[in-house]
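The values are calculated or read from the model by the stated rules, or taken from the named source; none is laboratory data. Only a predicted model underlies this, so the values are computations on that prediction, with no experimental measurement involved. FYI the Cβ positions are ideal-geometry reconstructions off the backbone, even for glycines, and counts take in every protein chain you see.
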Amino acid sequence: MFLNTGWQAFYEQRRTGFPEFNTDGPGALNSGQIPKRWMYPANEAINNGENLTEAISRQFTSGDHTNAVMWLLK
């Protein structure tokens, strides 16, 4: 991952599941889960709220949160 973007390791771990991270320590947030996706930016809700609500309801039956599995990972 040298000289790649700072997020490349996150994307590769999310895609492959490797390496497996120890997420049971006291500093682990998100109930010990590694996030599956980025949240929509706050300005999207302000500028395009109606379309954002429709997109979220079509993509994520459980709602808009970082642990929702997007279509690419299903």
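Could we say that Asn30 is touching a residue at least 24 places away in the same chain (Cβ under 8 Å) and not assigned by TED's automatic domain parsing to the domain that holds Trp71 here?
Judged against the criteria, Asn30 is a match.
Any residue in the range 32-49 that is surrounded by 11 or more Cβ atoms within 10 Å (Cβ to Cβ), at negative phi, assigned to a helix (DSSP H, G or I) and in contact with a helix residue (DSSP H, G or I) (Cβ under 7 Å, 6 or more places away or on another chain)?
Scanning the range 32-49, I find at least one residue that is surrounded by 11 or more Cβ atoms within 10 Å (Cβ to Cβ), at negative phi, assigned to a helix (DSSP H, G or I) and in contact with a helix residue (DSSP H, G or I) (Cβ under 7 Å, 6 or more places away or on another chain), so the answer is yes.
Just the residues that are surrounded by 11 or more Cβ atoms within 10 Å (Cβ to Cβ) and not aromatic (Phe, Trp, Tyr), please, taken from the range 55-74.
Result: Ala55, Ile56, Ser57, Gln59, Asp64, His65, Thr66, Asn67, Ala68, Val69, Met70.
Going by the structure shown, is Asn4 assigned to a helix (DSSP H, G or I), surrounded by 10 or more Cβ atoms within 10 Å (Cβ to Cβ), free of Cβ contacts under 8 Å to residues at least 12 places away in the same chain and over 16 Å from the mean Cα position of the chain (by Cα)?
no
Filter the range 50-74 for residues that are in contact with a helix residue (DSSP H, G or I) (Cβ under 9 Å, 6 or more places away or on another chain) and polar (S, T, N, Q) and give the result.
Scanning the range 50-74 gives Asn51, Thr53, Gln59, Thr66, Asn67.
Would the range 17-25 turn up any residue that is surrounded by 10 or more Cβ atoms within 10 Å (Cβ to Cβ) and either in contact with a Cys (Cβ under 7 Å, 6 or more places away or on another chain) or assigned to a helix (DSSP H, G or I) (or both)?
The answer is no; no qualifying residue exists.
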